[in-house]
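Notes follow the structure.
Computed from the coordinates by the stated procedures, all read-outs in this text should not be read as laboratory data. Note that the structure is predicted; figures quoted are calculated from it, not measured. Using ideal geometry, Cβ is built from the backbone for each residue, glycine included, and neighbour counts are taken over all protein chains shown.
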Amino acid sequence: MPHTAFWHSPLISAPRFLRPWLSERGSLTQCLIAHFPQFNVRVLQQGWQTPHLDERAVLHLPRRQMRVATREVLLCSKEKPLVFAHSITMRSSLRGGFHLFGRSGSRPLGALLFADPTIRRSHLSWCKLNRRHPLWQKAVAAAGPQAATLWARRSVFFSGNDQLLVTEVFLTDVFTPSILTPAASASK
Ligand SMILES: C=C(O[C@@H]1C=C(C(=O)O)C=C[C@H]1O)C(=O)O
């Protein structure tokens, strides 16, 4: 039975030290750069995948839409993975508002998204992923063993009628109480 997740967890249920990171509406990339040395993006996959069960409704994917453009990366400090990010969009968006999605390379997607004032962002949703969720499994496969549950957030970026769903999984042993909260930043 494919696993879905409950993306309506209240922020208050997340660990206190993680809440500012989960709720930051500015660029997560910029927050990571401000708090960790030698930030870099390790591209894991840029291609086509079948959307997860709990993604189909968010992008209103038609039942026949079996593949979406997908980008999966690790946001790292030096060699240390910080965040596993998974972004998907429909094929039609690649010819429209997210035509640069497939050409971001090792540049953080946020550099493109937050540079365009016409791109808007939805509210943030949060979820405590457990080991059955495909994103937990991908994060562990890419970044090594993690806690049995990982906190993730997701939101939709809008460019005209095109939508890009961005999900970020925070890797546990990096975000500890000793890490300062993200600097205040302009909201989208
Ligand atoms: C949306 C942003 O871009 C970040 C970079 C990503 C990438 O390079 O694929 C994906 C998600 C984000 O963590 C951001 O910086 O907030």
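Descriptive notes on the structure:
- With each label modelled as a point 7 angstrom along the Cα→C-beta vector, the residue 130-residue 17 pair spans 2.5 nm.
- Extreme residue, positive dipole direction of the chain, given options 174, 149, 102 (C-beta unit charges): 102
- Residues in segment 35-76 that a label on residue 111 would reach, taking backbone N under 18 Å of a point 7 Å out along Cα→Cβ: 35-46, 71-76
- Estimated FRET transfer efficiency when R0 is 25 angstrom, pair residue 120-residue 65 (beta carbons, to 0.05): 0.65
- Inter-part distance where segment 135-184 and segment 27-61 are each reduced to a Cα centre, Å: 8
- Using Cβ point charges alone (K and R +1, D and E -1), the dipole size of segment 83-188 about the Cα centre works out to roughly 260 debye.
- Label-to-label distance for residue 77 and residue 176 is 1.1 nm, based on points extended 7 Å past Cα in the beta-carbon direction.
- Full-extension gain in nm, residue 44 to residue 94, via 0.36 nm per residue minus C-alpha separation: 16.1 nm
- Over 20 Å [Cα-Cα, segment 102-188], rounded percent: 48
- For segment 5-186, the Cβ-based charge dipole about the Cα centre amounts to some 380 debye (Lys, Arg positive; Asp, Glu negative; other atoms uncharged).
- A dipole drawn for the chain from +1 and -1 charges on Cβ atoms has a positive end, and of 139, 65, 41 the residue lying farthest that way is 65.
- Scaling against 2.2 N^0.38 Å puts the C-alpha radius of gyration of the chain at 0.96.
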